Amino acid sequence: MAEGQFTYPTGKIIVFAREPVEGSVKTRLARSIGDQEALRIYQKMVNTTVGMVARSGLAELELYVSGDIEHPMFQSLADQYGIRIRSQTGKNLGERMFHALKQSLDNTSYCILIGTDCPVMTAAYLEQAFCVLGKGLDAVLGPAEDGGYVLIGASRVDISWFNGIDWGSQNVLAQSLQKLAAGKASYEQLQPLWDVDEIEDLHRWRLTS
């Protein structure tokens, strides 16, 4: 899709994903269903998320990956949807998100970053985030029910927003909001969604899909 055909041509959507390696993805879920099935579920979630974003026509999509960017799954998505694949850089999740957002904001007005753990996310949800940023706010967060967040968007970004966060804990959202407030950043929150991390979440997803 050409840039001029996007609903938000000066925006960008980043999807974070990791190389699909058996035993290293969806490890909490794997405790209940095994590594092989957890890998299959993970691959389905990546395809679901990327496909939803690509078909939305909202903004340019870039896939930022950890691991081998030449992995067949990533190359298949790039070929199918005509998207660019980039490598994540940074020592932890916070640094990787910061660098991806900063890189995108060098040539876009605002940017949204999501992962692949929330397959119930919709294009309408992404559009709500763009609407927040379109009002001139610095940031938008999509809370997760487990205390993290499923989406972060920004029209400007500061590394302080990502420093000192206990990534993977139930304190991520609260700590991130404190960082935004300390940096005098203007922001709004969207309604909470939920990730697929445990077997109960998988059952919940299956009931909604």
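Take region 19-55 and flag every residue that is buried (at least 19 other Cβ atoms within 10 Å of the Cβ) and outside any helix (DSSP H, G or I). Passing the criteria: P20, V25, K26. Filtered by the rule that a residue be closer than 16 Å to L61 by Cβ and free of Cβ contacts under 8 Å to residues at least 24 places away in the same chain, region 89-115 gives Q103, N107.
Here is a yes/no grid of residues against (1) among the basic types (K, R); (2) in a loop (DSSP other than H, G, I, E, B); (3) under 18 Å from the mean Cα position of the chain (by Cα); (4) closer than 25 Å to I33 by Cβ:
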{"residue": "G168", "(1), (2), (3), (4)": "no, yes, yes, yes"}
{"residue": "S176", "(1), (2), (3), (4)": "no, no, yes, no"}
{"residue": "L180", "(1), (2), (3), (4)": "no, no, no, no"}
{"residue": "K184", "(1), (2), (3), (4)": "yes, yes, no, no"}
{"residue": "D195", "(1), (2), (3), (4)": "no, yes, yes, yes"}
{"residue": "L202", "(1), (2), (3), (4)": "no, no, no, yes"}
{"residue": "R206", "(1), (2), (3), (4)": "yes, no, no, yes"}
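Output the residue which, of all residues in region 56-74 that are in contact with a strand residue (DSSP E or B) (Cβ under 8 Å, 6 or more places away or on another chain), in a loop (DSSP other than H, G, I, E, B) and at pLDDT 95 or above, is nearest to K44 (Cα to Cα). Here the residue is H71. State which residue is surrounded by the most Cβ atoms within 10 Å (Cβ to Cβ) when the search covers only region 112-143 and only residues that are aliphatic (A, V, I, L, M) and under 21 Å from N47 (Cβ atoms). Applying the filter and picking the extreme gives I112. Could you list, in sequence order, all residues of region 79-103 that are crowded, with 16+ Cβ neighbours inside 10 Å and either of a type in the set (V, I, T) or under 21 Å from K179 (Cα atoms) (or both)? Correct list: I83, I85, L93, G94, R96, M97, F98, H99, A100, L101, Q103. Among the residues in region 152-164, are any of a type in the set (F, W, Y), farther than 19 Å from A17 by Cβ, in contact with a strand residue (DSSP E or B) (Cβ under 9 Å, 6 or more places away or on another chain) and without any contact (Cβ under 8 Å) to a residue 60 or more places away in the chain? No, region 152-164 contains no residue that is of a type in the set (F, W, Y), farther than 19 Å from A17 by Cβ, in contact with a strand residue (DSSP E or B) (Cβ under 9 Å, 6 or more places away or on another chain) and without any contact (Cβ under 8 Å) to a residue 60 or more places away in the chain. Taking region 105-123 as the range and being in contact with a helix residue (DSSP H, G or I) (Cβ under 9 Å, 6 or more places away or on another chain) and part of a helix (DSSP H, G or I) as the test, only A123 passes.
Could you list, in sequence order, all residues of region 60-78 that are surrounded by fewer than 17 Cβ atoms within 10 Å (Cβ to Cβ) and of a type in the set (V, I, T)? Result: I69, single match.
The values are calculated or read from the model by the stated rules, or taken from the named source; none is laboratory data. Model, not experiment: these values are computed from the prediction. Neighbour counts are summed over all protein chains in view; Cβ atoms, including those assigned to glycine, are modelled from backbone coordinates with ideal geometry.
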